[in-house]
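See structure below.
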Amino acid sequence: MYIVVDERQMVTAAYVAGFHREGVSSLGLYAGEFKEWLNAASSADLDAVQGFLLGEFQERIACAEAIRRHSRAPIIALSEIRSLEQTLELFTAKFDDVVRKPVHVREILARSEAIWRRVNAAAQTAPAAPERLKVYFDGRDPEIDGVSLPLPRRERHILEYLVRNRGRRLTKTQIFNAIYGIYSNDVEESVIEGHVSKLRKKLRARLGYDPIEAKRYIGYTFVG
């Protein structure tokens, strides 16, 4: 899920609606609300956040610094004007990227994933071997051996979340929070089991093996 912060309700509402159209969960907050949320958020809540989108408000840089103390998710600033001084100031602070409005949500998703890739690449001790499964993170379906694998949006987002956290055991609750949002009360967590089961069958049929390791009552791990 993505957190959108701005003092203007029309801005947060517009981006939350944009994320919703892409099937991505998000939460819009005012700056004051966001600081309260960040201080009260559990580690599970923060793990579900895939990116922070900060509009223009007075304490934006301070908010970015607070985010970085709690989360390694990408922090992206929305810029109202083209200003070299402002851009340099934001990059000197804790921001990972600065984009000028208007910007499509799919571009934000792509930029966020590019940041995640850089972070993960920096943590690797050896270059990764080429893989048959390619995941794009920007709204496109994944490919296996160069051929598209059409997936429903929820299954695609689950695959993206698992791949982004490769090798890490993720509980059903963590996946649910990332895909449906931490404050979603309209859907039961058990729906994740059905989504993952269908996803694993499709991947197994195309790959010839199951790249997702499942342990009952413990969770799921993407092993590649």
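The values are calculated or read from the model by the stated rules, or taken from the named source; none is laboratory data. Keep in mind that this is a model prediction, so the values were computed, not measured. Here Cβ is always computed from backbone atoms with ideal geometry, including for glycine, and neighbour counts include all displayed protein chains. When the accessible area is computed, the model is the full protein with side chains, heavy atoms only, and any ligands, DNA or RNA have been set aside. Shrake-Rupley method; radii C 1.70, N 1.55, O 1.52, S 1.80 Å.
Answer yes if at least one residue in the stretch 14-21 is surrounded by fewer than 16 Cβ atoms within 10 Å (Cβ to Cβ), within 17 Å of the chain's Cα centre (by Cα) and within 16 Å of SER184 (Cα to Cα), and no otherwise. Yes: one or more hits.
Of all residues in the stretch 198-224, those that are touching a residue at least 12 places away in the same chain (Cβ under 8 Å) have Cβ atoms under 6 Å from Cβ atoms of residues that are open to solvent by 70 Å² or more (accessible area, probe 1.4 Å) and not aliphatic (A, V, I, L, M), 6 or more apart or on another chain, in GLY219/ARG169; THR221/ARG169; THR221/GLU213; PHE222/ARG166; VAL223/GLU213.
If only residues of the stretch 89-116 that are out of contact with any helix residue (DSSP H, G or I) (no Cβ under 9 Å at 6 or more places or on another chain), within 19 Å of ASP138 (Cβ to Cβ) and hydrophobic (A, V, I, L, M, F, W, C) are counted, the one that is least open to solvent (accessible area, probe 1.4 Å) is ILE115.
VAL24 meets each of the listed conditions (1) surrounded by fewer than 17 Cβ atoms within 10 Å (Cβ to Cβ); (2) at pLDDT below 90 apart from (1). Scanning the stretch 91-100 for residues that are under 21 Å from the mean Cα position of the chain (by Cα) and among the aliphatic types (A, V, I, L, M) gives VAL98, VAL99.
Within the stretch 36-60, can you find the residues that are open to solvent by less than 10 Å² (accessible area, probe 1.4 Å) and more than 21 Å from LEU109 (Cα to Cα)? Result: LEU38, single match.
Being over 21 Å from ILE115 (Cβ atoms), exposed (fewer than 14 other Cβ atoms within 10 Å of the Cβ) and either more than 15 Å from the chain's Cα centre (by Cα) or not basic (Lys, Arg) (or both) is a description that applies to GLU33.
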